[in-house]
Structure formats: C-alpha cells, structure tokens
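What follows is calculated from the coordinates using simple rules that are stated; it is not laboratory data. Every value quoted in this text rests on a predicted model; they were computed, and no experiment measured them. FYI the Cβ positions are ideal-geometry reconstructions off the backbone, even for glycines, and counts take in every protein chain you see.
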Amino acid sequence: MRLRLRARTAHPADAPHEELNVVPYLDVLMNLIIFVLLSVAGLGAWGVIKATAVAGTPAGSASGDAVLVVRIRPDGYELAAFGGGALPLRDGQLDFEALAAQARRLNEAGASPRVVLAPSPDIPYAVVVATMDALRATSDGKPLFPDVVLDVTR
C-alpha cells in the first residue's frame, strides 16, 4: 500500500501542466524586428543617387535643345550631339579626366544641362557612378550637367 501511495504522489496524473511563457520572447522579437526595419530604412537614404531613367535616348530636352548623350562602352566613351566624338581608353582604363574636360567645353558652349548616360550592360556600377561624377561638376565644384538621365535600353 505504501508503494502505491508513493507512486501516486510522485507522478500525479491530474496535476496541471506548466506551459512555457513565450510572451517575453515575442516581445523582444517584435522590438528587434521594428528596430531592424527602422535602421534599414534610415540607412537606405545614404545611398540615394539623383538620376532618372528613360526607356530610350531622347532627341532633345523639353526646351528643344539638343541633349548630350554619353555612351559608356568597354573600348571608351562615345559622345553624341555637339560633335562630341569618341574618347578612347587611356592605359586600359576609361579616361574620366578627358570626359570632364570635354564636358567643361560643351558646358561653356551653352549645352543643355541634361545629359543622357547610356552604359553598356557589362560596365561595372562603380564606373557608371564615376562617369556621373565627372559629368555633374568640375573638380572645383562648378556645375556642368546636373541633370543626369540613365538610358536603360538594351
């Protein structure tokens, strides 16, 4: 009889089972999700580049002026409009200084402030950004072509 009593008290069959309280865990998890979402949204503003994209190369700007079109190819730059010509590679690299000098000359000649940038699909993003920087302003900060439009045709 004594063994039977011990067995009953050691493992009561009708005792309520304790459940794990997951509310604090979910509270921390929700706070982390909100923190991550807000921090990603705040960090995204640092990488914003002001540029527009067109489905084709425009023939002119809204005022009817000719627009400079710069094509970035693996063998160099090609400038269309204003008799721009081509800027070949220098030492195997794209010549950003020559592009900036040509942009300065075109700006002084009264070109439209808009430039269409048409990179080849195999051009790295860093080269596109460096080209945009060379076209937007001189090294001393004077604006050249502040309105850069990206051509996304293939």
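Evaluated at q = 0.22, 0.26 Å⁻¹, a Debye calculation over the C-alpha positions of the stretch 104-154 (equal weights, vacuum) places log10 I(q)/I(0) at -0.82, -1.02. The phi-based Karplus calculation (6.51 cos²θ - 1.76 cosθ + 1.60; θ = phi - 60°) puts the 3J(HN,Hα) values of the stretch 32-39 at 5, 4, 4, 4, 5, 4, 5, 6 Hz, whole numbers, x for Gly and Pro. Temperature 20 °C, viscosity 1.002 mPa s: under these conditions the Stokes-Einstein estimate for the stretch 75-119, based on its Kirkwood radius over C-alpha pairs, is 192 µm² per second.
Highest-first packing order for the peptide set 101-109, 118-126 is 101-109, 118-126, based on the mean count of other beta carbon atoms within 10 Å.
Stokes-Einstein D for the stretch 68-154 at 4 °C, 1.567 mPa s, Kirkwood Rh over Cα pairs, in µm²/s? Please report the intermediate quantities before stating the final value.
Numbers: Rh = 12.8 Å.
D, rounded to a whole number, is 101 µm²/s.
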